[in-house]
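**Student:** Below is one structure. I have some questions about it.
Only the coordinates and a few stated rules stand behind these numbers; no lab work does. Please read all numbers here as calculations on a predicted model, not as lab measurements. Here Cβ is always computed from backbone atoms with ideal geometry, including for glycine, and neighbour counts include all displayed protein chains.
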Amino acid sequence: MTAATVTLHRIAGAPRLDDGEDVVARCIVCGYECARTVEYKRWAGKDYTDQNKMRGHGLSDRICEPCAWAHSWTPPPDRAPTAPGERGLNMRLFSHFWSERTGYVSLNKAQKPAIRDWLRARVDGERWWAGISDSGQKHVLPWIREQRKARGVIRFEERDCTIGDWSVVDTITAALTAGITKEEITTAQYGSRAWTIAEAHVRELRALAEQHDGSAWWTLSIWMAQRDEAAVAVRMDAEKAAKEAKNGRGSAKRGRAGRGGESGDGAPIGVPAERSERARPLGSSSVASDLRAPVERDGRAGGDGVSDAPPAGRAQLSLF
């Protein structure tokens, strides 16, 4: 097997680096032996943080020219070269795919249908490798492993991912088309709208999550899946028509009821006259009159020795 960086470096025409030397050594990064290498300490800058990923750590103090080239600010070989004096594109911005049968292609995250099609076209026995970039900030090319099986290992950002059952991607695609969001699938928190318009899809996704949640293939499947925009347009038109029909029925009912609180024949809508009753003022309390009587008769206020106790035999005062 050959390192992905070595293969791509060869496709690019094997450009030579100024600090490259004809010193045969194992590469501290990819672990493969190479004829032209660079002294690692001289090459690695203070911002290099991938030491924990090195496959040749402890075996060498040199990095191969292809790996050093892949880390440099250079575009993929199938992209237009950078104009003199411009910074241009670099390898981190792209996902990288190569097979001995179809050759090399670089794709970005806006080309997910092409990424899915490329991966699904792999067959057992052919040599191929693939690395998918999501953030555009990570080097994936140096960590790609060459494969010989249709369901081999992909480098997905910072994880190795074994290709699993493609029906997972198909199920997520159908759910997205039905109106479920990727956030709901990722968090497994489905809102009332999702349950209302796509309950069967929600239940299927919950069952799949119990089997795959947390796996690299589940994460990559969600990343790759995209809704069918043509089918979504048809669904949204149908939902809009149903809503308008519902609103039309509601307007018809209001029309039959009339305006301003009147029925269809102009009569006010309310409680029938024969069932209504005018409110009456509250009457005076006989108990309260009995309590006030002694004070009023004597012309004295309470607290002057006159008792305000209720007549004997009464056990409870009235509310007023």
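**Student:** Under 8 Å for C-alpha pairs, at least 6 residues apart: give me the relative contact order for segment 18-83, rounded to a whole percent.
**Tutor:** 36 percent
**Student:** For segment 79-207, what size does the Cα cloud have along each of its three principal axes, sorted from largest down, in whole Å?
**Tutor:** Cα spread of segment 79-207 along its principal axes, largest to smallest: 56, 41, 21 Å.
**Student:** Would you list the P(r) distribution for segment 120-169, with all Cα-Cα distances sorted into 10 Å bins from 0 and each bin expressed as a whole %?
**Tutor:** With 10 Å bins starting at 0, P(r) equals 27, 50, 23, 1.
**Student:** Something else: Provide Rg over Rh for segment 4-71; use the alpha carbon set for both Rg and the Kirkwood Rh (inverse mean inverse pair distance). Numbers along the way, then the final one.
**Tutor:** Values: Rg = 10.9 Å, Rh = 11.7 Å.
Here the Rg-to-Rh quotient is 0.93.
**Student:** Round to a whole angstrom and tell me the spacing of the C-alpha centers of segment 54-81 and segment 7-28.
**Tutor:** Here the answer is 8 Å between Cα centres.
**Student:** Here is a follow-up. Amide H of GLU33 versus every other amide H placed in the peptide plane: which residues, excluding those fewer than 5 positions away on the same chain, fall under 5 Å?
**Tutor:** CYS27
**Student:** Mean shadow of segment 1-145, computed from the convex hull of its alpha carbons, in nm²? Mind dumping the intermediate values first?
**Tutor:** Numbers: hull surface 37.3 nm².
Result: a mean projected hull area of 9.3 nm².
**Student:** Then there's this: Quick check on segment 167-229: take the gyration tensor over C-alpha atoms, sort the square-rooted eigenvalues as a ≥ b ≥ c, and tell me if it's rounded (a/c under 1.5), prolate or oblate.
**Tutor:** Numbers: a/c = 1.76, a/b = 1.28, b/c = 1.37.
Oblate.
**Student:** Another question about this same structure. Please rank THR82, THR171, fewest neighbouring Cβ atoms within 10 Å first, as an exposure proxy. If you can, show how the numbers build up before the last one.
**Tutor:** Numbers: THR82 14, THR171 19.
Least crowded to most crowded, the residues run THR82, THR171.
**Student:** Going by how many other Cβ atoms sit within 10 Å of their own, how do HIS212, HIS139 line up, fewest first?
**Tutor:** Numbers: HIS212 17, HIS139 21.
With the sparsest Cβ surroundings first, the list reads HIS212, HIS139.
**Student:** How large, in Å, is segment 91-162 by the Kirkwood hydrodynamic radius built from its alpha-carbon pairs? Write down the numbers at each step before the final one.
**Tutor:** Working: mean 1/r = 0.0836 Å⁻¹.
It is 12.0 Å.
**Student:** Then there is this: Which of PHE94, PHE156 has the fewest other C-beta atoms within 10 Å, and how do the rest follow up to the most? Don't jump to the answer; show the numbers that get you there.
**Tutor:** Details: PHE94 24, PHE156 21.
Listing PHE94, PHE156 from fewest to most nearby Cβ atoms yields PHE156, PHE94.
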